[in-house]
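Asker: The structure is given below, and queries will be raised subsequently.
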């Protein structure tokens, strides 16, 4: 037992680093109360150390703590996305006027960000339904607190309350589904459940009910229709920094957990799991049909409702719902190509979506508004910001030569390989639809005059550097994406094989 614990602890170093960073931030805030810079630096250092430990972990497929956590290429990929997003948002937070306006609770903010990164990292590697639920709860509870961090604002308190209510219902239904699966199979880890399903003698409709209940928890976390209702209000009411993090890192953690659950629990590796084609399904129920409906609804509802939004945070909230639909299509393909396409999409989504939210934060800090009218004449007042926002929005649309085009290209390619041409057509039409509301922002920036007497829009060198940090990869990955594709494909080549 002791050798197993010691070996598992070595695999758990990144999470231990985040746990230590959380404690260090709390202690630094107690000793140097009110020193926002110090607590922020401690939190960022902890995330960087964890990111380094993830990147330097020994390759291969490993299981920690009796199959509670999987440490493989797939979890490492998502942990890198999660930790990189967290670090970038920490840089946002240092510059945010919205957060600087608060005189209290600065240490708690950095500590909660670190705890949120820990929860999301555990979600990426969870291979046991109990660990899956505990990681989801850790992530959700810290998200609730961060969403209501600027509690002086009315919409912030409302956002946190709605988030708690939706999250409690979704997690309760998920836990009920987990209990049903345990009752059917007598197991909690994904591998043992897979073996029980492979042996047969499982009531199909009871299994379907359990799967749907568990899917409620996944759908809530990734903001997929019809579990998306919390997203616009929470995104609008939360600080821009937290909205940006929820839109990328939290969604990545939800997708990582969902993909592993369906891949390991329901894939028949004997019949088709080891080849490059689609995976055979255990249990008799075609989960891909349910996921396909959710994907189409997420794309369509997200894009249609976004057409009417004038608040940029709400617009990007509905945009993130639509992008969840695009990424679900990769899961629907149920093939290594489809899953690797989702990984590629998340990397490009990290840069383009965080970039768009950072511009929204800069504009809100300098104008006091998140409305479309605040962007009138921005392209003339600050050409650099106007061009950067244009690139981010065009990438979110999926137009070449931006990285967003590469993300959708590989999703569509996986669907074509799976002979799902109808879904490709629907996704392409939705991409065209999304262009309309993104162009509305561009029209406001370049073809509308700013209000007379408006303040000049200037940015500091640090702000310009952070914009470039997100802008350059958004363009570069649209032209040179070979290494990213190879790394994504290697990360899914062998993950989740039951022992």
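The values are calculated or read from the model by the stated rules, or taken from the named source; none is laboratory data. Predicted, not measured: the structure shown is a model, and the values here were computed from it. Cβ atoms come from the backbone with ideal geometry, glycine included; neighbour counts cover every protein chain shown.
Asker: Would a scan of the range 116-135 turn up a residue that is surrounded by fewer than 23 Cβ atoms within 10 Å (Cβ to Cβ) and over 30 Å from residue 265 (Cα atoms)?
Answerer: No, the range 116-135 has no match at all.
Asker: Further, regarding this structure: Exactly one condition in (1) surrounded by fewer than 17 Cβ atoms within 10 Å (Cβ to Cβ); (2) more than 21 Å from residue 259 (Cβ to Cβ); (3) in contact (Cβ under 8 Å) with a residue 12 or more places away in the chain is false for residue 150; which is it?
Answerer: Tallying (1) surrounded by fewer than 17 Cβ atoms within 10 Å (Cβ to Cβ); (2) more than 21 Å from residue 259 (Cβ to Cβ); (3) in contact (Cβ under 8 Å) with a residue 12 or more places away in the chain, residue 150 fails exactly one: (1).
Asker: Continuing with the same structure: In the list 244, 224, 252, 256, which residue meets the criterion of being touching a helix residue (DSSP H, G or I) at 6+ places or on another chain (Cβ under 6 Å) and either over 23 Å from residue 302 (Cα atoms) or assigned to a loop (DSSP other than H, G, I, E, B) (or both)?
Answerer: Just one listed residue meets the conditions, 224.
Asker: From the list 406, 426, 459, which one is in contact (Cβ under 8 Å) with a residue 24 or more places away in the chain, crowded, with 21+ Cβ neighbours inside 10 Å and either in a helix (DSSP H, G or I) or touching a helix residue (DSSP H, G or I) at 6+ places or on another chain (Cβ under 9 Å) (or both)?
Answerer: 406
Asker: In the range 480-499, which residues are modelled with pLDDT of 90 or more, crowded, with 18+ Cβ neighbours inside 10 Å and either assigned to a loop (DSSP other than H, G, I, E, B) or in contact with a strand residue (DSSP E or B) (Cβ under 7 Å, 6 or more places away or on another chain) (or both)?
Answerer: Selection gives 481 alone.
Asker: Checking residue 72 against (1) surrounded by fewer than 21 Cβ atoms within 10 Å (Cβ to Cβ); (2) out of contact with any helix residue (DSSP H, G or I) (no Cβ under 6 Å at 6 or more places or on another chain); (3) closer than 30 Å to residue 3 by Cβ: exactly one of these is not met. Which one?
Answerer: (1)
Asker: I've got another one for you. Go through the range 391-403 and report how many residues are buried (at least 18 other Cβ atoms within 10 Å of the Cβ) and either free of Cβ contacts under 8 Å to residues at least 60 places away in the same chain or at positive phi (or both).
Answerer: The qualifying residues number 4.
Asker: Which numbered condition in (1) outside any loop (DSSP other than H, G, I, E, B); (2) under 25 Å from residue 372 (Cα atoms); (3) in contact with a helix residue (DSSP H, G or I) (Cβ under 8 Å, 6 or more places away or on another chain) is the only one that residue 436 fails?
Answerer: (3)
Asker: Test residue 164 against the criterion of being surrounded by fewer than 23 Cβ atoms within 10 Å (Cβ to Cβ) and over 20 Å from residue 48 (Cα atoms), and give yes or no.
Answerer: In short, yes.
Asker: Tell me, which helices (runs of 4 or more DSSP H) wholly within the range 2-57 include 3 or more residues that are out of contact with any helix residue (DSSP H, G or I) (no Cβ under 8 Å at 6 or more places or on another chain) and surrounded by fewer than 17 Cβ atoms within 10 Å (Cβ to Cβ)?
Answerer: Passing ranges, in order: 2-11, 13-31.
Asker: Could we say that residue 84 is in contact with a helix residue (DSSP H, G or I) (Cβ under 9 Å, 6 or more places away or on another chain) and either surrounded by 14 or more Cβ atoms within 10 Å (Cβ to Cβ) or farther than 30 Å from residue 462 by Cα (or both) here?
Answerer: Against the criterion (in contact with a helix residue (DSSP H, G or I) (Cβ under 9 Å, 6 or more places away or on another chain) and either surrounded by 14 or more Cβ atoms within 10 Å (Cβ to Cβ) or farther than 30 Å from residue 462 by Cα (or both)), residue 84 qualifies.
Asker: Would the range 90-105 turn up any residue that is within 21 Å of residue 469 (Cα to Cα), free of Cβ contacts under 8 Å to residues at least 60 places away in the same chain and buried (at least 20 other Cβ atoms within 10 Å of the Cβ)?
Answerer: yes
Asker: Being touching a residue at least 24 places away in the same chain (Cβ under 8 Å), more than 30 Å from residue 493 (Cβ to Cβ) and assigned to a helix (DSSP H, G or I), is that true of even one residue in the range 349-356?
Answerer: Within the range 349-356, one or more residues are touching a residue at least 24 places away in the same chain (Cβ under 8 Å), more than 30 Å from residue 493 (Cβ to Cβ) and assigned to a helix (DSSP H, G or I).
Asker: In this structure, is residue 413 assigned to a helix (DSSP H, G or I), under 23 Å from residue 480 (Cβ atoms) and either in contact with a helix residue (DSSP H, G or I) (Cβ under 6 Å, 6 or more places away or on another chain) or touching a residue at least 12 places away in the same chain (Cβ under 8 Å) (or both)?
Answerer: So residue 413 passes the test.
Asker: Output the number of residues of the range 338-384 satisfying the condition of being farther than 25 Å from residue 242 by Cα and surrounded by fewer than 24 Cβ atoms within 10 Å (Cβ to Cβ).
Answerer: So the answer is 7.
Asker: Between 82, 88, which is within 24 Å of the chain's Cα centre (by Cα), at pLDDT 90 or above, closer than 25 Å to residue 127 by Cβ and part of a helix (DSSP H, G or I)?
Answerer: Residue meeting the stated conditions: 82.
Asker: Let me ask something additional. Could you grab me the full set of residues in the range 127-144 that are farther than 20 Å from residue 192 by Cα and without any contact (Cβ under 8 Å) to a residue 24 or more places away in the chain?
Answerer: 138, 141, 144
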